[in-house]
Amino acid sequence: MLKKLTDHVYYFPHSEETDRPVLGLICGEKYGFVVDAGNSPAHALSFLEEVEKIGAPPIKGVAITHWHWDHTFGIHAMNKYTIGHHLTKKKLAYLKTLRWDDDSLDKRVQEGEEIEFCRDMIKKEMPSRETLIIQEPDVTFHHHMEIDLGGITCRIQHIGGGHAQDSSIVYIPQEKVLFLGDCLCPDLYSGDWSYDKEDFERLQRVLKQFDAQYYLSSHCHPETHKELWEDLNQLNGIGEIVGNTVDAEKAFFQFEYETHKKPTNVQKERIQYFVNGNIKRRSRELF
Ligand SMILES: [Zn+2]
């Protein structure tokens, strides 16, 4: 079901079962606009059914936050004018050259090109992929683009980062809503999941430039300004404690020493991401 976030912004909630991300709908006086195309034709079509029910204005297009399958495999079924960063287009052009049957997916996981989690979710969401058509954006941008929907503006802006080089965010200034895509998620595609502390700080500096009351991350419930920044401050605190260490046990010990508490499982996971980021940074510096 579509949920109303503000007067002009709706969202179709995420679902962990098959890793369906949040899809957004922004309604202006003249046009509607969509954020992300869904992880399959079925996902895109059930979203469009809901859009029809609320009598939204005609959809002008779809903005893609990044190339990952769960945000783009519904592009063809959405059948709208699609806007994406030029790197999103480049990646999707490559994905079009790949085969998506079970054996090909398994092979790519073995070779380290695909990750197990995505492979399993793709199989679960689309048991058969014979009719899957991967489609590139119709329009690309480099830094940002603005779309006037009639009294409401959508600003799509590239932000990049470890999760995906092409990560883009969508800002609706009149509603103070910021769609974050997965830009605050760890890097999943280069070995162990990781956060690069410096890059993570850069991302936050960019996000702070947007006056937002609500944030929508693709795999979470919407968060208020206070909720998002409290969580990010906790993450930053963990990054500070980890420092430059490449030893997770040392970082766990340091956490306990500084906070007088043993890290919870979630905190341990976050510590490990920063440690992994340090390991990757060090190996980049060595070679
Ligand atoms: Zn992603």
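The values are calculated or read from the model by the stated rules, or taken from the named source; none is laboratory data. On a predicted model such as this, the values are computed, not experimentally measured, just so you know. As a convention, Cβ positions derive from the backbone with ideal geometry for all residues, glycine included, and neighbour counts pool all protein chains shown.
Looking at S217, S168, S194, which is the one that is among the small types (G, A, S), assigned by TED's automatic domain parsing to the domain that holds V35 and farther than 20 Å from H14 by Cβ?
Values: S217 fails: farther than 20 Å from H14 by Cβ; S168 fails: farther than 20 Å from H14 by Cβ.
Just a single option satisfies the conditions, and that option is S194.
Is it true that F73 is surrounded by fewer than 16 Cβ atoms within 10 Å (Cβ to Cβ) and within 26 Å of G160 (Cβ to Cβ)? In short, no. Taken over the range 79-89, the criterion of being touching a residue at least 24 places away in the same chain (Cβ under 8 Å) and farther than 12 Å from F33 by Cβ is satisfied by G84, H85, H86, L87, T88, K89.
Tell me whether the range 232-245 contains one or more residues that are of a type in the set (G, A, S) and touching a helix residue (DSSP H, G or I) at 6+ places or on another chain (Cβ under 6 Å). Spell out the reasoning first.
Quick first cut of the range 232-245, residues of a type in the set (G, A, S) only: 237, 239, 243.
Narrowing the set further to residues that are touching a helix residue (DSSP H, G or I) at 6+ places or on another chain (Cβ under 6 Å) leaves 239.
Yes, the range 232-245 has at least one match.
Just one of (1) within 16 Å of the ligand (Cβ to nearest atom); (2) in a loop (DSSP other than H, G, I, E, B); (3) in contact with an Asp or Glu (Cβ under 7 Å, 6 or more places away or on another chain) fails for T6. It is (1). Of all the numbered requirements in (1) in a helix (DSSP H, G or I); (2) modelled with pLDDT under 95, K226 misses one, and that requirement is (2). Among the residues making up the range 196-219, none is within 14 Å of the ligand (Cβ to nearest atom) and at pLDDT below 95. How many residues does the range 244-287 contain that are under 15 Å from S190 (Cβ atoms), charged (D, E, K, R) and free of Cβ contacts under 8 Å to residues at least 24 places away in the same chain? Of the residues in that region, 1 qualify.
If you take just the strands (runs of 3 or more DSSP E) that sit entirely in the range 9-121, which of them hold at least 1 residues that are away from the ligand (no atom under 16 Å from the Cβ) and in contact with an Asp or Glu (Cβ under 9 Å, 6 or more places away or on another chain)?
Values: elements: 9-12, 23-27, 32-35, 59-63, 82-85.
Here the list reads 9-12, 23-27, 59-63, 82-85.
Cβ-Cβ distances below 7 Å connect the following pairs, each with a first residue in the range 64-78 that is free of Cβ contacts under 8 Å to residues at least 40 places away in the same chain, a second residue that is within 11 Å of the ligand (Cβ to nearest atom) and assigned to a loop (DSSP other than H, G, I, E, B), and a separation of six or more residues or different chains: G74/N39.
A quick yes/no check of all residues on (1) among the aliphatic types (A, V, I, L, M); (2) in contact with a Lys or Arg (Cβ under 9 Å, 6 or more places away or on another chain); (3) more than 16 Å from the ligand (Cβ to nearest atom):
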position	(1), (2), (3)
N233	no, no, yes
I238	yes, yes, yes
I241	yes, no, yes
N244	no, yes, yes
A248	yes, yes, yes
E256	no, yes, yes
P263	no, yes, yes
I271	yes, no, yes
N276	no, no, yes
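Cβ-Cβ distances below 6 Å connect the following pairs, each with a first residue in the range 152-167 that is over 25 Å from K30 (Cα atoms), a second residue that is in a loop (DSSP other than H, G, I, E, B) and of a type in the set (D, E, K, R), and a separation of six or more residues or different chains: G162/D196; H163/D182. Scanning the range 151-172 for residues that are more than 27 Å from T18 (Cα to Cα) and either touching a strand residue (DSSP E or B) at 6+ places or on another chain (Cβ under 9 Å) or buried (at least 19 other Cβ atoms within 10 Å of the Cβ) (or both) returns I152, T153, C154, R155, Q157, I172. Tell me, which residue of the range 233-251 that is more than 26 Å from the chain's Cα centre (by Cα) and among the polar types (S, T, N, Q) is nearest to F200 (Cα to Cα)? Top of the filtered list is N244.
Among the residues of the range 225-276, the ones that are closer than 30 Å to K176 by Cβ, β-branched (V, I, T) and surrounded by 15 or more Cβ atoms within 10 Å (Cβ to Cβ) come to 1 in all.
In summary, T131 fulfils each of the numbered conditions (1) loosely packed, with under 13 Cβ neighbours inside 10 Å; (2) in contact with a Cys (Cβ under 9 Å, 6 or more places away or on another chain); (3) of a type in the set (V, I, T) with the single exception of condition (2).
Residues are listed down the side, and each one gets a yes or a no for (1) surrounded by fewer than 18 Cβ atoms within 10 Å (Cβ to Cβ); (2) out of contact with any Gly (no Cβ under 8 Å at 6 or more places or on another chain):
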{"position": "K30", "(1), (2)": "yes, no"}
{"position": "G38", "(1), (2)": "no, no"}
{"position": "E50", "(1), (2)": "yes, yes"}
{"position": "G84", "(1), (2)": "no, yes"}
{"position": "T97", "(1), (2)": "yes, yes"}
